[in-house]
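Read the structure below first, then the notes.
Values quoted throughout were computed directly from the atomic coordinates according to the rules given, and no laboratory measurement underlies them. Please read these numbers as outputs of a predicted model, since none were measured by experiment. A quick note on method: Cβ atoms are made from the backbone with ideal geometry, for glycine too, and the neighbour counts reach across all protein chains shown.
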């Protein structure tokens with residue numbers, strides 16, 4: 001899973017505070033320039049340098065949501081998940097109504113295999129924006145890891161309804177149906193996933209024949225039971 005960078009969180013500045021507004025604008029412009037520099041470094045793979053810049057930024061301006069947010073992102077990129085979660089919590093203490101904060105915190109928790117807390121964060125993200133297909137897919141992954149197959153399927157279904165060409169979510173939905181031994185659905189969604197993204201074929205081939213064989217076996221058993229019933233009725 002991958003988090004999302006935050007380039008700018010707009011803020012409202014009231015009228016009438018001219019001198020204060022001028023200072024805030026200057027600080028904001030400086031911070032935005034620093035954040036953009038850090039983002040450029042992250043995108044270039046220079047994560048340690050980005051972390052140093054963002055640490056200095058939040059030390060000077062501890063109310064910078066963008067600073068804490070992107071510091072969290074950089075820590076995740078560096079595999080420092082505890083530090084990432086602390087950074088996201090600092091940002092959430094400033095404003096807990098930002099979708100991306102909950103989404104990225106959930107991603108860090110998932111990477112730590114804390115699937116229960118990751119699930120809770122994805123749910124909070126979706127309370128803010130229920131139209132995000134990736135968040136539904138990731139929530140489904142959490143449910144899958146928590147062995148709640150039906151809720152996983154429900155989440156994956158929401159993802160593919162929102163994004164009908166979302167091959168990875170169709171794959172995950174197919175795999176969840178496979179685990180639940182709902183083989184007809186597993187096969188149908190697996191074939192759709194491969195059609196959307198042929199690169200998924202290798203992963204699907206690891207289990208789809210098991211699903212096909214189980215389906216054939218189940219159908220043969222049902223046919224056998226039907227014939228037995230018919231014979232029983234004819235004797236009566």
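Results, tabulated for the structure shown:
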{"read-out": "Full-stretch length increase - residue 185, residue 52 - with 0.36 nm per residue and alpha-carbon distance subtracted", "value": "42.9 nm"}
{"read-out": "Approximate spin-label separation residue 215-residue 123, in nm, with each point projected 7 Å along Cα-to-Cβ", "value": "3.3"}
{"read-out": "Overall form of the stretch 130-236 per C-alpha gyration tensor (a/c, 1.5; a/b vs b/c)", "value": "prolate"}
{"read-out": "Rounded, prolate or oblate (a/c below 1.5 giving rounded, otherwise prolate when a/b exceeds b/c) for the stretch 80-183 by Cα gyration tensor", "value": "prolate"}
{"read-out": "Ranked packing of 63-74, 205-216, most packed first, by mean Cβ within 10 Å", "value": "63-74, 205-216"}
{"read-out": "Overall form of the stretch 47-131 per C-alpha gyration tensor (a/c, 1.5; a/b vs b/c)", "value": "oblate"}
{"read-out": "Potential extension, residue 150-residue 203 segment - 0.36 nm per residue separation minus Cα distance", "value": "16.9 nm"}
